[in-house]
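Heads up: the structure comes next, in structure tokens.
The values are calculated or read from the model by the stated rules, or taken from the named source; none is laboratory data. Because the structure is a prediction, the values reported are computed rather than measured. FYI the Cβ positions are ideal-geometry reconstructions off the backbone, even for glycines, and counts take in every protein chain you see.
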Amino acid sequence: MNRTPPHRSIARAQRGASLLESLIAFVVLAASTLAVVALQGGLRLDGDLARQRSEALRIGEAEIEGLRAFATIAPASDLLSYDAIADAESTVLATNASYRIVRRVDAGAVAAAKAATVRVGWTDRSGAAREIALASVIAGIDPAYSGALALGAGAIPAPSRGAFGRSPVVPVGARDLGDGRSAWKPAAAATIAVVFDNASGAIVATCIVATTTAVRDLSAADLAGCVAGRRLLVGGTIRFTSATPPQAANVAEIPLSVAVALSLAGGPYARSPVCSSEAKKTVRHTAAGSLRVDAVAIDATPASLGIASWDDTGDRFVDWHCIVTPRADGRWSGRTSLVAGGGWTIGSTHVDRRVCSYGADTARDFVDVGTPFKAQNFLVVRGDSACPLSTVAHQP
């Protein structure tokens, strides 16, 4: 009887096992290759989609900003106007897709404004429809007012021009007298009116007026008893917060009773400064077809502006001004300080209040100021709190 030697059977079994292992390894490798290919396709699709979303967002934002760039309210032949903002559709061809822009404008959703929705759609690599949507409100504010706000605050050179072609130092609400001058009252119930030179923003006269005379009603007859002379205006706002820790932004608490004192240095001076402060609020209303935001006395009513109604924004602050008669060289030096009233005190304990000055510089000391200055703003916090970022300690 012939028999196969044992070692030959073992060799055949070993060769068969090696072939099976090779087949399994090949199947695993093929599956892995297919998975990598699928992953690369997915990554490529995701990468394209990310780029397309970024491009669509850029196009949508540019469309919104283009709506905000109107130059006039009423239609003009060569200028983009607010009244011309309406529904529209367009197409933009880019390197990675073709984008369809659909703009829808609702002129009745918000008073004195237009609600705009911009949708940007495209088809991705897989053939799926994609879309992003942006929504905004375009306020119908005359660009003359926006231009005044865009100009820098503080000591402003004479050649600068703000709203109505006047120096930005001249308050927007001042009454233009039509002769290169404007009249204004520092407070609604003030007995003093000041007359500005529209070009430089300097005060050229001070006048005694009735407390009941509103700024919009000031006339040449009201300004008959004026004292001529160059004076400079310095002013700003005072805001109060009881939050712990305090924040420098979005502060709108009802203000406490406060006054401002200005001590002069480096004299002599012919007159002492005249300072006033008034608690105010901001309101929105429509005037001549434009949306306006005005600061009015905190107890004012719409009738004070000669209108039927307004929207109260909830903002509260103290508006303060000092009229300074400079030295013979046309300049002045000094320091402002807050004077607490109505029972509160300035100090460093939890029952006191601390005065902070907005700005990254040291506490404000005015030295040889020869131009108007409208931006010394204060924040009053708890006495046991440190002044927040973007402010510096002023008092105590």
Going through segment 305-326 in order, the residues found to be among the hydroxyl-bearing types (Ser, Thr, Tyr) and surrounded by 16 or more Cβ atoms within 10 Å (Cβ to Cβ) are THR325
Expected single match for in contact with a strand residue (DSSP E or B) (Cβ under 6 Å, 6 or more places away or on another chain), in the same structural domain as TYR269 (by TED's automatic domain parsing) and at pLDDT 90 or above among VAL351, VAL339 is VAL339
- request: Answer yes if at least one residue in segment 246-266 is of a type in the set (D, E, K, R) and at pLDDT 90 or above, and no otherwise.
  value: yes
Those residues of segment 62-104 which are small (Gly, Ala, Ser) and either outside the structural domain of GLU131 (by TED's automatic domain parsing) or assigned to a loop (DSSP other than H, G, I, E, B) (or both) amount to ALA69, ALA71, ALA74, ALA76, SER77, ALA84, ALA86, ALA94, ALA97
Within segment 226-250, of all residues that are part of a loop (DSSP other than H, G, I, E, B) and among the hydroxyl-bearing types (Ser, Thr, Tyr), the one nearest to VAL380 (Cα to Cα) is THR241
The number of residues in segment 221-256 that are surrounded by fewer than 13 Cβ atoms within 10 Å (Cβ to Cβ) and over 25 Å from the mean Cα position of the chain (by Cα) is 5
